1. Those residues that are surrounded by fewer than 17 Cβ atoms within 10 Å (Cβ to Cβ) and modelled with pLDDT of 95 or more, I need them from the stretch 140-162; list them, please.
2. Looking at (1) touching a His at 6+ places or on another chain (Cβ under 9 Å); (2) over 15 Å from Ala163 (Cα atoms), which is the only condition Val200 fails?
3. Take the residues in the stretch 62-79 that are within 13 Å of the ligand (Cβ to nearest atom) and open to solvent by 10 Å² or more (accessible area, probe 1.4 Å); name whichever of them is nearest to Pro292 (Cα to Cα).
4. Can you tell me which condition Glu336 does not meet? The list is (1) within 15 Å of the ligand (Cβ to nearest atom); (2) among the acidic types (Asp, Glu); (3) in contact with a Lys or Arg (Cβ under 6 Å, 6 or more places away or on another chain), and all the others hold.
5. Does the stretch 70-81 contain any residue that is part of a loop (DSSP other than H, G, I, E, B) and among the aliphatic types (A, V, I, L, M)?
6. Would you confirm whether any residue within the stretch 363-372 is more than 16 Å from the ligand (Cβ to nearest atom), small (Gly, Ala, Ser) and surrounded by 21 or more Cβ atoms within 10 Å (Cβ to Cβ)?
7. Can you give me the number of residues within the stretch 292-310 that are open to solvent by less than 10 Å² (accessible area, probe 1.4 Å) and within 15 Å of the ligand (Cβ to nearest atom)?
8. Evaluate the stretch 38-57: report whether one residue or more is closer than 17 Å to Gly247 by Cα and either of a type in the set (Phe, Trp, Tyr) or in a strand (DSSP E or B) (or both).
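The values are calculated or read from the model by the stated rules, or taken from the named source; none is laboratory data. Fair warning: this is a prediction, and the values are worked out from it, not measured in the lab. Using ideal geometry, Cβ is built from the backbone for each residue, glycine included, and neighbour counts are taken over all protein chains shown. Protein only, heavy atoms only, side chains kept; ligands, DNA and RNA dropped before computing areas. Shrake-Rupley method; radii C 1.70, N 1.55, O 1.52, S 1.80 Å.
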Amino acid sequence: MFVSKNLNINTKNHLTIGGCDTVALAEKYGTPLYVMDEDLIRENCRLYRDSIDRFYNGNGLVLYANKAFCSLAMCRIINEESLGMDVVSGGELYTALKAGFPAEKIYFHGNNKTPDELEMALKHRVGRIVVDHFSELELLNQLASKTGQVADILFRIKPGIDAHTHSYVMTGQIDSKFGVALETGEAFEIIRKAHEMEHVRVVGVHCHIGSQIFDLKPFEQAANVMMQFIAEVKEKLGFTIEELNLGGGYGIQYTPGDHPIAYDKYMEAVSRVVKESAEKHSVALPKILMEPGRSIAAPAGITLYTIGAVKEIPNVRKYVSVDGGMCDNPRYILYESEYDFQLANKAGDPKTEVVTIAGRCCESGDLLGKDISLQKAQSGDLLAVLATGAYNYSMASHYNRIPNPAVVMIKNGTDRLVVRRESYDDLIKNDLI
Ligand code: LLP
């Protein structure tokens, strides 16, 4: 009935998440409020992990892409589920390490890592650094030589695959700020160069073709292209690439019109391609890494808002305003993203209205959805926006000096606070007069 399977309606006609009444959660913690279902996060982790065991003899590792939703509690959960982690900044790395996440299971990404971040990664001996371009390679080799280390690296490669998704989240094509291209020979050249360096060891290659993708084909194509490249490196340079990291990007259901692929299908499809290609080119089977972010976190989360002003402009539209907006969910203003909306205190009522959900920021484009269908809304009702567990909290801002909401985690039907609501004092804590 809802886009996420952890949601239901109780006898009070209230929306529940992981068995908890959302109206009671809003009363207890206030709104806006992010609510995450830990049981579903763990289930999603296991689906990916098991798919590697089933289709690839366990010769791989799932890395959770921490940018989707990063907090101490999340890092701990991911560790308990035996996943590795993709981090993309010093801040994400710091959070993971503070949560006790094992450094050797961390892959450090980023198209423009700073020298400080590279030094931090070396100091903590993160498992792999995913090198993006020539100048980063030089810098890393230099920094590692200072400490006498040999850094295990992967290269971010643009495989030249069009992933058919929003242009802002397409990353595999040649015109992208990420990585080095195959077509131009740059990818081969950087590996040749690195192979001669003393303080880096080329362990693998990585590609990430985009996000919110609903099609297996581009993943299969990427796996195929990357395997050909691995074979070329073996043939021309005589050494074996041990790891093939195929990135993340698996689509999820935001609205009833989205039809995502079952999570285990990705591994089933790419492992077939990789095995066939390895045999064809007589290269060893690489360890496969996959990096889901959205598909682990997004379906597990919802955001709760209290409805304030309801404005009907005759023959134009009806605006329903909430106590949050682009500051806690910038995805509409960035991508015109679509969501499933429910009145959490009238969850079983039919959706009889078409309304536009307005945020509270001083910005006309600050909407959460335009012309969406909803139960009849009044001031004081509780609005739930579904599947907001990824790229909402992690992309929140302080525009208009609005404090960030709290995050509550549900486990076995019990709620606990995992991120405190920001206070006005938090907002000025770094200000000097
Ligand atoms: N690996 C790499 C190298 C990535 O750049 C990303 C996402 C992922 C893995 C995880 O992709 P996922 O499984 O979550 O699709 N802010 C956008 C999404 C940006 C994704 C950036 N990179 C959004 O809200 O839709």
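1. Across the stretch 140-162, the qualifying residues are Gln142, Ser145, Lys146, Thr147, Gly148, Gln149, Val150.
2. Every listed condition holds for Val200 apart from (1).
3. So the first thing to find is which residues in the stretch 62-79 are within 13 Å of the ligand (Cβ to nearest atom), and the list is 62-70.
When the remaining residues are screened for being open to solvent by 10 Å² or more (accessible area, probe 1.4 Å), the result is 67, 70.
Details: Lys67: 10, Cys70: 13 Å.
Among residues in the stretch 62-79 that are within 13 Å of the ligand (Cβ to nearest atom) and open to solvent by 10 Å² or more (accessible area, probe 1.4 Å), the one nearest to Pro292 (Cα to Cα) is Lys67.
4. Among (1) within 15 Å of the ligand (Cβ to nearest atom); (2) among the acidic types (Asp, Glu); (3) in contact with a Lys or Arg (Cβ under 6 Å, 6 or more places away or on another chain), Glu336 violates only (3).
5. no
6. No, because not a single residue in the stretch 363-372 is more than 16 Å from the ligand (Cβ to nearest atom), small (Gly, Ala, Ser) and surrounded by 21 or more Cβ atoms within 10 Å (Cβ to Cβ).
7. Residues in the stretch 292-310 being open to solvent by less than 10 Å² (accessible area, probe 1.4 Å) and within 15 Å of the ligand (Cβ to nearest atom): 9 in total.
8. From the stretch 38-57, those closer than 17 Å to Gly247 by Cα are 44-45, 47-49, 51-52, 56; that's our starting set.
After this cut, where a residue has to be either of a type in the set (Phe, Trp, Tyr) or in a strand (DSSP E or B) (or both) as well, the list is 48, 56.
Yes, because at least one residue in the stretch 38-57 is closer than 17 Å to Gly247 by Cα and either of a type in the set (Phe, Trp, Tyr) or in a strand (DSSP E or B) (or both).
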